[in-house]
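Accompanying notes for the structure given below.
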Amino acid sequence: MFNPEKINFEKFENKVWLSSPTMHGDELQYMTEAYETNWMSTVGKNITEVECQIAEKVGCKYAIGLSAGTASLHLAMRLAGEHLYGMPKLGKGSLYKKKVLTSDLTFCATINPIVYEGGIPVFIDSERDTWNMDPEALEKAFEIYPDAKLVVVANLYGTPAKMDEIRAVVKKHNALLVEDAAESLGGTYKGVQTGTFGDYNCISFNGNKIITGSSGGMFLTDSLDDANKVRKWSTQARENSPWYQHEEIGYNYRMSNVIAGVVRGQIPYLEEHIAQKKAIYERYKEGLKGLPVTMNPYDEDNSDPNFWLSCILIDKDAMCRQIRGEHHALYVSEHGKSCPTEILETLAKYNAEGRPIWKPLSLQPIFRSCDAITKEGSIRGCTDAYIPGRKESVGYDLFSRGLCLPSDNKMTIEEQDKVMEIVRACFE
């Protein structure tokens, strides 16, 4: 096992976080304003201001404040389903039994709303240039499922996907696109902000995001009709009547004016946070030179990520032996080699937080019966996670060899230097 004597410094006195909220003081001013004016519910000046400011910053016409990014994704799925298939019957979601083509390497919040609406996910493998949805695999999926009419793409770790190529495939097959930009607010593709490429677009203000409200999210659109529907559905679908009149199923998804106060105080610092995150990425890229690792990639000619998380991928021939079960992992420490488990456990010993790369959703127990598509073809669903093909996907390879390093923008240069020393020592 790893020998801690190789590292000649003490445990971090204060925990070095993966990505924690960075507050500035303005947030408290707007929260206090909500308190003192007694606008503590789901209406108020903070919500109005946040919706206007985000719409202007992203470059869309309408932004609807919601309780979470997941709520936004759910309402996006419902909108898409009703547009494609009509109003659902009571007890059946708008995507009932319909195939939905979606990113495999992402957090489950991207996928769960598909299931909320009764849809069946079909997972699309990643490509290596950005770690996002592979346009070639997406095209292959349409060949296998020509009736599919909805695609959901996530921008992993703040890096924009190959949006032009993905949108070309989606348009070719007369489908609709949902962009999950929860992790990529402020990132751009060919000079255009993420959160604007889909027919329906979603962002998040979760506690670990580039700016935060502690929770919250937004639905982004250029369609007034869609904006009005989301606003209505998010307030329990109440009709314009003097009593509570309900003609559609609704949800309690509106953003609180207090949470909006936090977001309002964060918005002016978005570019500052991105610059800090980029500096962290660049220091890792320079400081880890000489190790058998590469940083999470992006298309330097066409995109500017928000650098939310800095990640590394260990070279195949530098991987020590590692095996992962459903809840635990084992490895054998080897000279000159390491693995994500060893690095993450060693960081934790010194009071620093890292995280594995997302486990592909097609390998999650709940989704193993769903199909997954690589650019080579289909991997049919099965309850066995290790059927042939599952472990040959790009996404599985990234999960096996990759990890997210501490990327908190309050981390000092000295703390980051120590993190890199820990990583370097794991290969000795």
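What follows is calculated from the coordinates using simple rules that are stated; it is not laboratory data. What you see is a predicted model; the values in this text were computed from it and never measured. Positions of Cβ are backbone-derived with ideal geometry, glycine not excepted, and every protein chain shown enters the neighbour counts.
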For a distance above 16 Å, tell me the whole-number percent of Cα pairs in region 12-109 that qualify.
75
Rg and Dmax of region 100-208, Cα atoms only, in Å:
12.7, 39
For region 224-314, run through the GluC sites (Glu not before Pro) and keep only the ones in DSSP coil with at most 16 other Cβ atoms within 10 Å of their Cβ.
239, 247, 248, 300
Between 129, 317, 417, find the one with the highest GNM mean-square fluctuation for the chain; connect C-alpha pairs within less than 10 Å.
317
Percent of alpha-carbon pairs separated by more than 21 Å within region 26-268:
55
Percent of all Cα-Cα pairs per 10 Å bin for region 139-275, counting from 0 up to the last occupied bin, reads 11, 33, 32, 19, 5, 0
With +1 on each Lys and Arg Cβ and -1 on each Asp and Glu Cβ, how big is the dipole of the chain about its Cα centre, in debye rounded to the nearest 20?
1020
Between 0 and 90 degrees, rounded to the nearest ten: what's the tilt of helix 45-58 against the longest Cα principal axis of the chain?
60
Provide the three semi-axes, in whole Å and in decreasing order, of the ellipsoid equivalent to region 209-320 as defined by the square roots of 5 times the Cα gyration tensor eigenvalues.
43, 17, 13
Using only the alpha-carbon atoms, how far is helix 257-266 inclined from the longest principal axis of the chain? Give it as 0 to 90 degrees, nearest 10.
50
Cα axis of helix 26-36 to longest principal axis of the chain: angle in degrees, 0 to 90, nearest 10?
40
Mean 1/r over distinct Cα pairs of the chain, inverted to a Kirkwood Rh in Å, yields 22.4
Bins of 10 Å from zero: percent of alpha-carbon pairs in region 64-116
25, 52, 23, 0
Listed here are the pairs 57/232; 278/410; 140/190; which of them are more than 21 Å apart at the Cα?
57/232; 140/190
Estimated 222 nm signal from helices in the chain, with DSSP H stretches of n ≥ 4 weighted -39500 (n - 2.57), rounded to 500:
-10000 deg cm²/dmol
If you take every DSSP beta bridge whose two residues both sit in region 286-428, what share of them, in percent to the nearest 5, is antiparallel?
95
Burial ranking of peptide ranges 225-233, 305-313 (average Cβ count within 10 Å, highest at the top):
305-313, 225-233
With unit charges on the beta carbons (Lys and Arg positive, Asp and Glu negative) and the dipole taken about the Cα centre of the chain, which residue among 192, 53, 64 sits farthest to the positive side?
64
Can you tell me what share of the DSSP beta bridges in region 26-268 is antiparallel? A percent to the nearest 5 is fine.
45
Taking every DSSP beta bridge with both residues inside the chain, roughly what % is antiparallel (nearest 5)?
60
Space enclosed by the convex hull of the alpha-carbon atoms of region 273-428, per residue, Å³
139
